[in-house]
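These notes are about the structure you will find just below.
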Amino acid sequence: MNILITGASSGFGKAMAIQFASMGHAIMITARRADRIQALANKLSEQYGVKVLSKVLDVQDRSAVFQALEHDKFVSELDVLINNAGLALGRDYFEETQLDDWETMLDTNVKGVMYVTRAVLPSLIKRGKGHIINIGSIAGLEVYEKGNGYCASKHALDALSKSMRIDLLRHRIKVTSIHPGAADTEFSLVRFKGDPQKAATVYEGYTPLYAKDIAEVVAYAVGVPEHVCLNSIEMTCTSQANSFYLSKPTVQGKS
Ligand code: NDP
Ligand code: 8X3
């Protein structure tokens, strides 16, 4: 299969790249950090002998997205798009949030998914098949304190996924939403703007999800028979029930 993964320079995207390359699939990986995705592409193609293409891409940049993907040869034979690139910025009360953080989250988590999906859709429609996997979040299912802009972006993404599933039905294109809970990646380091101590606290006192867990579930969703679509998967670590209940000896719920 030809699989395109956005945001593959770390976390879930990187783990999915490793997962799919190790399964023998041809992949295209994208992110803004050129050094990271190029190094990963070289490593994976050497290690697994599969085609691994890399593209430096900021999904917020509408014209760059269309320029990079619309007429690409790999994309013309695309089977699976994984909209994974995304981020949270800040964990502040609504009135204290940086306006730029809201803009960046919405531009990346919502508009980025719209642009990338629209850029590759003509190929999927022409082929009369395809699978779009959107990496949502439990923050797209529930709203928690100080989650405002991030929760809004992931709720919007959930609505988009549902909308895509309906509108693309007649093209036989599957749409799967994956909604993970707390997972130990660079996510919190980005959210807390490079503060390693604040980021580490998020994953202290329990065993969170790891990127590989999400990659394995995505691989399962991709591997189900053609006539089956897993519409929505909510997954948390065993210590977490939802956004409000996390079983840590020292923390009751989220703080
Ligand atoms: P990471 O920070 O480890 O990875 C995020 C990836 O997204 C990076 O590869 C980053 O690459 C890329 N990215 C961010 N902004 C852009 C952009 N504008 N254009 C292109 N790529 C971009 O976090 P995760 O792996 O945890 O996050 C992956 C997805 O999973 C996100 O959508 C996140 O919201 C979601 N998620 C995360 C959870 C968690 O607890 N970790 C739980 C639920 C959902 P680069 O900076 O090089 O561009
Ligand atoms: C990331 C998970 O709970 O921090 O999407 O919002 S959470």
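Annotations
- A simple spin-label model places pseudo-atoms 7 Å from Cα toward Cβ; at residue 206 and residue 169 they are separated by 3.7 nm.
- With Cα atoms, 0 to 90° folded angle of helix 11-22 axis to the chain main axis: 40 degrees
- Applying a threshold of 28 Å to the alpha-carbon distances of 55/129; 43/154; 111/212; 43/174; 43/198; 55/111 flags 43/154; 43/174; 43/198 as lying beyond it.
- Extension reserve of the residue 126-residue 227 stretch, reckoned as 0.36 nm per residue once the Cα distance is removed: 34.5 nm
- Where the alpha-carbon atoms of segment 1-51 are placed on the principal axes, they occupy 25, 17, 15 Å, in descending order.
- Put a plus charge on the Cβ of each Lys and Arg, a minus charge on the Cβ of each Asp and Glu, and nothing anywhere else: the dipole of the chain about its Cα centre is then about 720 debye.
- Look at the dipole of segment 34-177 built from charges on Cβ: of 137, 99, 169, the Cα furthest out on the positive end belongs to 169.
- Diffusion constant of segment 1-103 at 25 °C, which comes from Stokes-Einstein with the Kirkwood Cα-pair radius and 0.890 mPa s, µm²/s: 170 µm²/s
- Given R0 = 30 Å, the distance between the Cβ atoms of residue 99 and residue 33 translates into a calculated FRET efficiency of 0.75.
- Ordering of 4-16, 87-99, 26-38, 56-68 by burial proxy (mean other Cβ atoms within 10 Å per residue, highest first): 4-16, 26-38, 56-68, 87-99
- Compactness of segment 2-254, expressed as Rg and Dmax over alpha-carbon positions, Å: 17.5, 54
- Phi to ³J(HN,Hα) by Karplus 6.51 cos²θ - 1.76 cosθ + 1.60 over segment 144-154, Hz, x for Gly, Pro: 10, 4, 6, x, 1, x, 5, 4, 4, 5, 7
- Estimated inter-spin distance, residue 186 and residue 143, nm [label 7 Å along Cα→Cβ]: 3.1 nm
- Angle in degrees between helix 211-223 and the longest Cα principal axis of the chain, rounded to the nearest 10: 40 degrees
- Zone of residue 22's modelled label, taken as backbone nitrogen in segment 28-67 under 12 Å from a point 7 Å along Cα→Cβ: 48
- Most to least packed among 131-141, 233-243 [average Cβ atoms within 10 Å]: 131-141, 233-243
- Between helix 112-127 and the chain: long-axis angle, C-alpha atoms, 0 to 90°, nearest 10: 30 degrees
FYI, it's all coordinate maths here, none of it is from the lab. Remember, predicted model here, so these are calculated numbers, not experimental data. Methodologically, a virtual Cβ is constructed for each residue, glycine included, from the backbone with ideal geometry; neighbour enumeration extends over all protein chains shown.
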